[in-house]
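See below for the structure under consideration.
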Amino acid sequence: MKILVTAFDPFGGEEINPALEAVKDLPDEISEAQVIKLEIPTVFHKSADKVKQAIIDHDPDVILAIGQAGGRYGVTPERVAINVDDGRIEDNEGNQPIDSPIQADGQPAYFSSLPIKAMVEAIKAEGLPSSVSNSAGTFVCNHIMYQILYMIDKDFPGKIGGFVHVPFTSQQVVDKANQPAMSLADISRALQAAIRAIVDQDGKGDIKKVGGAIH
């Protein structure tokens, strides 16, 4: 099995992106699966172009995108991506689409094809906080998750893909009062657990486990 793992460069005034740093720390092989690492720009559409080229070049079985979600306490696999860009801030090239469809011929939303509940349980088994997230936002994280699933739907049938958000690292919250954080080592450990779950559940689908939210 080959797994393409992508992560964004820093954005929003941050000096680092914990997603990228954690992905860099991943081993090149996890549970006998080859891990291919790819840095992508925090830029609408350009990020998707780079991912599509990597899929063509490497022909991975799985595309797993990782992004930063400052303010979250745990590592959160995303359930769904919606077909809208609505940038609260500009991306790294000054683009700020508002209420724009990502793909005119795409579905209103795509659900992750990763075993997200198994991933959550694997991360929690490492003693780290994790839960299913039901909103990836409307910035470039949602954008790339949607684009990956759109590409799978239109161009790369048989592959699976999805997205995981990670918290700030401790160094990022030094001047941010009451903001949760996780060490980079723990973020990397959580991602390794999530990838092991993807490999373990290959061909089996997801586990049946409560992972919903009241609000």
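The values are calculated or read from the model by the stated rules, or taken from the named source; none is laboratory data. In this text the structure is predicted, and so the values were computed from the model without any measurement. Neighbour counts are summed over all protein chains in view; Cβ atoms, including those assigned to glycine, are modelled from backbone coordinates with ideal geometry. To get the accessible areas, we keep the full protein, side chains included, count just its heavy atoms, and leave off ligands, DNA and RNA. Shrake-Rupley method; radii C 1.70, N 1.55, O 1.52, S 1.80 Å.
The table below gives the values:
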| read-out | value |
| --- | --- |
| Residues satisfying the stated conditions in the stretch 164-215, i.e. of a type in the set (Asp, Glu) and within 17 Å of the chain's Cα centre (by Cα) | ASP186 |
| Members of the stretch 39-62 found to be surrounded by fewer than 23 Cβ atoms within 10 Å (Cβ to Cβ), assigned to a loop (DSSP other than H, G, I, E, B) and in contact with a strand residue (DSSP E or B) (Cβ under 8 Å, 6 or more places away or on another chain), listed by number | PRO41, ASP59, ASP61 |
| Where ALA65 falls short, out of the listed (1) touching a helix residue (DSSP H, G or I) at 6+ places or on another chain (Cβ under 6 Å); (2) closer than 15 Å to LEU149 by Cα; (3) assigned to a loop (DSSP other than H, G, I, E, B) | (3) |
| Qualifying residues in the stretch 132-162 (those that are buried (at least 18 other Cβ atoms within 10 Å of the Cβ) and among the small types (Gly, Ala, Ser)) - the one nearest to GLY74 (Cα to Cα) | SER133 |
| Search result, residues across the stretch 72-108 that are β-branched (Val, Ile, Thr), touching a residue at least 24 places away in the same chain (Cβ under 8 Å) and either open to solvent by less than 30 Å² (accessible area, probe 1.4 Å) or in a loop (DSSP other than H, G, I, E, B) (or both) | VAL75, THR76, VAL80, VAL84, ILE89, ILE102 |
| Test for ALA33: is it of a type in the set (Gly, Ala, Ser), more than 23 Å from PHE139 (Cβ to Cβ) and either without any contact (Cβ under 8 Å) to a residue 40 or more places away in the chain or open to solvent by less than 80 Å² (accessible area, probe 1.4 Å) (or both) | yes |
| Sole residue being in contact (Cβ under 8 Å) with a residue 40 or more places away in the chain, within 17 Å of PRO18 (Cα to Cα) and open to solvent by 70 Å² or more (accessible area, probe 1.4 Å), chosen from GLN192, GLN171 | GLN171 |
| Subset of the stretch 1-38 (residues that are closer than 18 Å to GLU93 by Cβ and either β-branched (Val, Ile, Thr) or part of a loop (DSSP other than H, G, I, E, B) (or both)) | THR6, ASP9, PRO10, PHE11, GLY12, GLY13, GLU14, ASN17 |
